[in-house]
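Q: Have a look at this one.
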Amino acid sequence: MKGIVFTQFLEMVEERYSPAIADRILLAAQLPSGGAYTAVGTYDHGEIWSLVCELSKVIDVPVPDLFRAYGEYLFGHFVAAYPHCLGSAASAFDVLQGLDSMIHREVCRLYPDAELPRFDVIERTPHQMTLIYQSARHFADLAEGLIRACGRHFGQTLALTRETLAAEGGSRVRFTLALQ
Amino acid sequence: MSNPPEQTAAAPASVSAEMEILLRRVERERRARKQAEQLLENKSMELYEANQRLQAHAAELERVVHERTRALEQALTVVEESLRAKGEFLAVISHEIRTPMNEVLGMAQLLLMTQLTEEQQGYAETIRSSGEILLALINDILDLSKMESGKVTLDARPVNVRAVVNEVTQLLSGQAQEKKLALRSLVAPEVPAWFRGDATRLKQIFLNLVGNAIKFTHKGSVRVEVVTMDNAGWLECRVKDTGIGIPPDRVGRLFEKFSQVDSSITRRYGGTGLGLAICKRLVEGMGGNITVESKHYQGTTFTFRIPAIPSEAPREVRPPPQAGPRRVLQARILLVEDNPVNQMLAMSMLQKLGASADLAKDGAEAVEKATAGAYDLILMDLQMPRMDGLTATRAIRATGGIRQPRIVALTANAMDSDREACVAAGMDDFLSKPFQASELQEKLDAVAAATGA
């Protein structure tokens, strides 16, 4: 997993809670990397799980909620740091539609070793979109946070339903988004 | 979200705890920085290596391009050299063939003038006609190889295109009449009288195209049209026929060397297959282009366009082509010759030497013309119908009150007895047929010297 996911997570923890809590979860998680992350490095995805679990224990918020909150936070960072990635997209649907073909392609160009999830758009009407998240990992909650933040970025309220699909190793989740 | 209580605690123990957190944080940041630096260094190294590889690749490509270019240049030089050598060889060999060929032709002509059986006559005719085809071919090859080696320079003298077209149609009217074809020419009224160009080469182009048109037309007409185009900036010349046409798939190769519509054409129609290639080169040499449109079995139109550079009319009506024979121009010459081929040969030779002559077809006509006009030189054939050369000479010499011309016998052979008879009849000199231009030039020089012209 790319280092940016870790550095942004720790920034969020420091910002929203405190550097002391960040330090605490870093110590408690007993991370192979020692918790020294750089955005351009690559680390075991298990470490983010450990960190989120530790945070959950410390502040007593469920892990899925934390992942969703982090997803939303992460989207804000993406928009601020890589505004060009949104390109000419005029709506959340546009961004989601172009996720695999545009954004992930850019990521792969910079980081050929990046392991990215797939977002397949199954159906799209002006008011509704169905897409399937598919990953070797289990970060559907993170994805949901990102999707919600994306809607908010365009001033759109999305009613989101999730359905977990059968998957061999990893996860497949159907997101149905309805524009309110 | 509110900060946890540890943040706000102010006890010394907390301070040291906070200090520890900070130190750990700094330590993590330091390690992260080192990782990032290491990554950066690795990436830099990768980039540097990739760059080196690209540079090496580029250098290799450049080397290969250089090598290929040099090889191509070498190949090109070899090809050019061999082409030039080929062209020179062709020119030399053509010239070497032409000389004895002329002699063969001359002898065949002489042979035909002797008493022959019908069979022998047939053989001799074949020798002559085949010889002429061969000579035409050699001349064309020589012409073409000269053009290809850039040895042909085109004149830029005043040319009267109407005169050129008239001359061509007149020259070929006999051939057209034989095939009962109408040969017409139309030079549009707006075409100016004089252009700057090469009259001989223009005539050659027209002769080729019109000659071809007549050759490949069995019924109907051949038309020559000359118009101006693009505000009189171009001269467009068309030669239209109602002949057999050219199959569409053969049109493209028409202007190539040795390209005839099919090889059977050579057998049926003769020709060297070089005429159109020569036309194309000449037209292009003049800065123009030539195209052809044809409908199989309906007719063909050759069109060539050349830049029309207007010119003043020439100051002299007949500009002397050479400095030497200029004096001879003033000399009046009469050619007495019954054989049309010999007429043509002598006339064209005289023309080449910058002279011109009147023509008498037999001795009687010669006497008539010689006594009516003051000639400086008479070229007199010996054997002719109605009145032979010796009788005519005696008659001219017997006529009083005229300026006596110099009379040169055109003898078929150089037997002493013939010469004696010529001198006895009052002739001044001899010229053995077939004669060379240089020999004729000598006779012309003698006249010029004698008349002081």
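Q: I'd like the projected area of chain A, averaged over all directions, using the convex hull of its alpha carbons. Report it in nm² with one decimal.
A: With the hull built on Cα positions only, its mean projection is 10.4 nm².
Q: When the accessible area of each residue in the range B:20-35 is compared between its chain alone and the complete protein assembly (1.4 Å probe; ligands, DNA and RNA ignored), which residues differ by at least 20 Å², being lower in the assembly?
A: So the qualifying set is B:ILE21, B:ARG24, B:ARG25, B:ARG28, B:ARG31, B:ALA32, B:GLN35.
Q: Using a 1.4 Å probe on the protein heavy atoms, what percent of the accessible area of chain A belongs to carbon and sulfur?
A: Its accessible area is 53 percent carbon and sulfur atoms.
Q: Helix B:389-398 sits at what angle to the longest principal axis of chain B, using alpha carbons and giving 0 to 90 degrees rounded to 10?
A: Approximately 60 degrees, to the nearest 10.
Q: Could you report the accessible area of B:MET147 in Å², rounded to 10, computed with a 1.4 Å probe on the protein chains as they sit in the structure?
A: 30 Å²
Q: In the range A:2-33, what residues drop by 20 Å² or more of accessible area when the other protein chains are put back, versus the chain on its own? Use 1.4 Å, and skip ligands and nucleic acids.
A: Residues shielded by partner chains are A:GLU14, A:ARG16, A:TYR17, A:SER18, A:PRO19, A:ALA20, A:ILE21, A:ASP23, A:ARG24, A:LEU26, A:LEU27.
Q: Let me ask something else. How high is the relative contact order of the range A:1-148, in percent, with contacts defined as C-alpha pairs under 8 Å that are six or more residues apart?
A: 24 percent
Q: Counting only protein chains, not ligands or nucleic acids, how are B:THR69, A:THR161 ordered by accessible area (probe 1.4 Å), most first?
A: Largest accessible area first, the list is A:THR161, B:THR69.
Q: Also: Scale the Cα Rg of the range B:44-181 by the rule-of-thumb value 2.2 N^0.38 Å and send over the ratio, two decimals.
A: 2.08
Q: Only helical DSSP H runs with n ≥ 4 go in: add -39500 (n - 2.57) per run for chain B, normalise by residue count and round the 222 nm mean residue ellipticity to 500 deg cm²/dmol.
A: -19500 deg cm²/dmol
Q: Hey, another quick one. Which number do you get for Rg(Cα) / (2.2 N^0.38 Å) in the protein assembly as shown?
A: Against the compact-globule rule of thumb, the ratio is 2.01.
Q: Now for a different question. With the dipole of the protein assembly as shown worked out from charges on the C-beta (+1 for Lys and Arg, -1 for Asp and Glu) around the Cα centre, which of B:GLN330, B:LEU276, A:PHE93 lies farthest toward the positive end?
A: Of the options given, the answer is B:GLN330.
Q: Give me the accessible area per residue for chain B, probe 1.4 Å, as a whole number in Å².
A: Spelled out: the 1.4 Å probe surface of chain B, per residue, equals 59 Å².
Q: Sticking with this structure for a sec: Report, ordered by chain and residue number, the lysines lying within cross-link reach of B:LYS352, taken as a straight Cα distance under 25 Å and ignoring same-chain residues fewer than 8 apart.
A: Cross-link targets: B:LYS146, B:LYS151, B:LYS203, B:LYS280, B:LYS361, B:LYS369, B:LYS433, B:LYS443.
Q: Here is a follow-up. In whole angstrom, and with the biggest value first, how far do the Cα coordinates of the range B:149-200 range along each principal axis?
A: So the extents along the principal axes, rounded to whole Å, are 39, 34, 12.
Q: Loop by DSSP (not H, G, I, E, B), at most 15 other beta-carbon atoms within 10 Å: where is the longest site-free stretch of chain B for trypsin sites (Lys or Arg not before Pro)?
A: It works out to B:1-150.
Q: To the nearest whole percent, what portion of all C-alpha pairs in the range A:73-180 is separated by more than 17 angstrom?
A: That fraction is 53 percent.
Q: Where does each of A:HIS153, A:HIS45 land when they are ordered by accessible area, with a 1.4 Å probe and the largest first?
A: From most accessible down to least: A:HIS153, A:HIS45.
Q: How much FRET efficiency would the formula 1/(1 + (r/R0)^6) give for A:ALA167 and B:LEU22, where r is the Cβ-Cβ distance and R0 is 51 Å, rounded to 0.05?
A: 0.70
Q: Can you give the accessible area of A:TYR17 in Å² (nearest 10), computed on protein heavy atoms with a 1.4 Å probe?
A: For A:TYR17, solvent-accessible area is about 20 Å².
Q: So how much slack lies between B:VAL65 and B:ALA85, counting 0.36 nm per residue of separation and subtracting their Cα-Cα distance, in nm?
A: Full-extension gain reported as 4.3 nm.
Q: Checking buried surface per residue: for the range B:37-70, which residues lose a minimum of 20 Å² accessible area in the protein assembly relative to the chain alone (1.4 Å probe)?
A: At a threshold of 20 Å² (probe 1.4 Å), the residues of the range B:37-70 that become less exposed are B:LEU39, B:LYS43.
Q: Which whole-number percentage describes the relative contact order of the range A:103-164, with Cα contacts under 8 Å and a sequence gap of 6 or more?
A: So the answer I get is 18 percent.
Q: Here's something else I'd like to know. For the range B:61-153, what does the relative contact order come out to in percent, with C-alpha contacts under 8 Å and a separation of six or more?
A: Relative contact order of the range B:61-153: 40 percent.
Q: To the nearest 100 Å², how much accessible surface do chains A and B hide from each other in total, with a 1.4 Å probe?
A: By this definition, chains A and B bury close to 1600 Å².
Q: What percentage of the solvent-accessible surface of chain B, computed with a 1.4 Å probe over protein heavy atoms, is contributed by carbon and sulfur atoms?
A: Carbon with sulfur: 55 percent of the solvent-accessible area.
Q: Taking a probe of 1.4 Å, how large is the accessible area per residue of the range A:76-137, in Å²?
A: Accessible area per residue, the range A:76-137: 61 Å².
Q: Rounded to a whole number, what is D in µm²/s for chain B from Stokes-Einstein with the Kirkwood radius over alpha-carbon pairs (37 °C, 0.692 mPa s)?
A: Once the numbers are plugged in, D ends up at 115 µm²/s.
The values are calculated or read from the model by the stated rules, or taken from the named source; none is laboratory data. All figures in this text were calculated on a predicted structure; none of them were measured in a lab. Counting neighbours? That spans all protein chains shown, and the Cβs are built from the backbone with ideal geometry, glycine included. For the accessible areas, the whole protein counts, side chains as well, though only heavy atoms, and no ligand, DNA or RNA atoms are used. Shrake-Rupley method; radii C 1.70, N 1.55, O 1.52, S 1.80 Å.
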